[in-house]
Amino acid sequence: MITSRVICIANQKGGVGKTTTSVNLAASLAKAGRSVLLIDLDPQGNATSGLGIKRHEFNDKNIYHVLIGTKTILEAVASTSIAGLDIIVANNDLIGAEIELVDAERREYRLKDALATVSDKYQFVIIDCPPSLGLLTVNALTSANTFLVPLQCEYYALEGLSQLLNTAGLIKKRLNPSLHIEGIVLTMFDSRNNLSHQVVNEIQTHFGNKVFSSIIPRNVRLSEAPSHGKPIIDYDEKSLGAKRYKDLAEELLRRVEGVPANGGN
Ligand SMILES: Nc1ncnc2c1ncn2[C@@H]1O[C@H](COP(=O)(O)OP(=O)(O)OP(=O)(O)O)[C@@H](O)[C@H]1O
Ligand SMILES: [Mg+2]
């Protein structure tokens, strides 16, 4: 009777490391022995291709079908090359879901209702959100226990964060009262760049212990791995990127599992 911890990886800003974090956190959690379901909720389907899965093989069973209700999660699930990690594929069809669901019943709860059917199967569900705050991200935040925000270590890192936090606040009020922030993950940190250090200091000052101490460096191996269809841990286990995502998974596990009940918020 596992009850999944559902973590939504969200930031409406594009290119901040949502997919890289989703794929590599999910893979690292699976390597740590947890059962993990990765939901690709972005029509770009980058998490899908990043794990070497051919989207066209799932043209009739992907997250679009789950959201419109013609397939269950178990009917749509695909296994990956990593033991313990399953995925629900996304492709371009998902663009249509935002429009098709406009008049649908329980349109914000589609993903939550679908996930309820597998809560005894996966310890973690990681949702890779698209770079927008539309109905797809609303579904993700409504179904999640927590949301994790990747922030790129650059000058405009905080831009848009208040909008994301406002949206999460509204969803907590109206749709998902127990939603809370899992934390902020700093990504693409460049130790040679003074600005990177300044951004880290500023965000740590603002958000304190909400900021994960595992900071993800800018690492070329991390950007190469998706084109080989592998998470970093299988592409180059010794790279700094692989180590830091492993650290992040361990830190998350300590926060989630290593504290007394109710102590983790
Ligand atoms: N730590 C890193 N080091 C080097 N390159 C990175 C790192 N993280 C991400 N990248 C690269 O930066 C680009 C954007 O990353 P990613 O796709 O994870 O962002 P995203 O937030 O999911 O983007 P989108 O908003 O388009 O979905 C990708 O090409 C990715 O390979
Ligand atoms: Mg992405």
| request: Scan around Ile181 for amide H atoms under 5 Å from its own, H built in the peptide plane at 1.01 Å from N, and keep only partners 5 or more places away or cross-chain. | output: Phe147
| remark: Taking a ≥ b ≥ c as the square roots of the eigenvalues of the Cα gyration tensor, with a/c under 1.5 meaning rounded and otherwise prolate when a/b exceeds b/c and oblate if not, the stretch 97-218 is prolate
| task | Would you pull out the residues with amide H under 5 Å of Val6's amide H, same chain only if 5 or more places away, H placed 1.01 Å from N? | result | Val125, Asn145, Thr146
| task | State log₁₀ I(q)/I(0) for the stretch 16-154 at q = 0.10, 0.11, 0.17 Å⁻¹ as given by the Debye formula over alpha-carbon point scatterers of equal weight, solvent excluded. | result | -0.28, -0.34, -0.87
| Around Leu186, which amide H atoms from residues at least 5 apart in sequence, or from another chain, sit under 5 Å from its own amide H, with H modelled in the peptide plane? | Leu151, Phe212, Ile216
| remark: Taking only Cα atoms of the chain, the Rg to Rh ratio with Kirkwood Rh works out at 0.94
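Given a cut-off of 27 Å, name the pairs among Lys172/Lys243; Lys18/Lys112; Lys31/Lys54; Lys71/Lys246; Lys61/Lys238 whose C-alpha atoms lie farther apart than that in the structure shown.
Numbers: Lys172/Lys243 34 Å; Lys18/Lys112 20 Å; Lys31/Lys54 22 Å; Lys71/Lys246 33 Å; Lys61/Lys238 35 Å.
Those over the limit are Lys172/Lys243; Lys71/Lys246; Lys61/Lys238.
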| remark: Karplus ³J(HN,Hα) for the stretch 237-252 (6.51 cos²θ - 1.76 cosθ + 1.60, θ = phi - 60°; Hz, whole; x = Gly/Pro) runs 4, 8, 5, 4, x, 5, 4, 5, 5, 5, 4, 4, 4, 5, 4, 4
| request: Specify whether the C-alpha gyration tensor of the stretch 1-84 places it in the rounded, prolate or oblate class, a ≥ b ≥ c being the square roots of the eigenvalues: rounded for a/c under 1.5, otherwise prolate if a/b is larger than b/c and oblate if not. | output: rounded
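Could you work out the local net charge near Thr70, counting Lys and Arg as +1, Asp and Glu as -1, over the other residues with Cβ closer than 13 Å to its Cβ?
Numbers: positive: Lys61, Lys71, Arg110; negative: Asp60, Glu75, Asp93, Glu100.
Value of the local net charge: -1.
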| message | Please list, in order along the stretch 72-88, the HN-Hα scalar couplings obtained from phi with the Karplus expression 6.51 cos²θ - 1.76 cosθ + 1.60 (θ = phi - 60°), rounded to whole Hz, x for Gly and Pro. | response | 8, 4, 5, 6, 9, 5, 10, 8, 10, 6, 9, 4, x, 10, 10, 9, 9
| request: Sort the following peptides by mean Cβ neighbour count (other Cβ atoms within 10 Å, averaged over residues), highest first: 104-112, 46-54. | output: 46-54, 104-112
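Throughout, read-outs are computed from the coordinates displayed, never taken from laboratory work. Every value quoted in this text rests on a predicted model; they were computed, and no experiment measured them. A quick note on method: Cβ atoms are made from the backbone with ideal geometry, for glycine too, and the neighbour counts reach across all protein chains shown.
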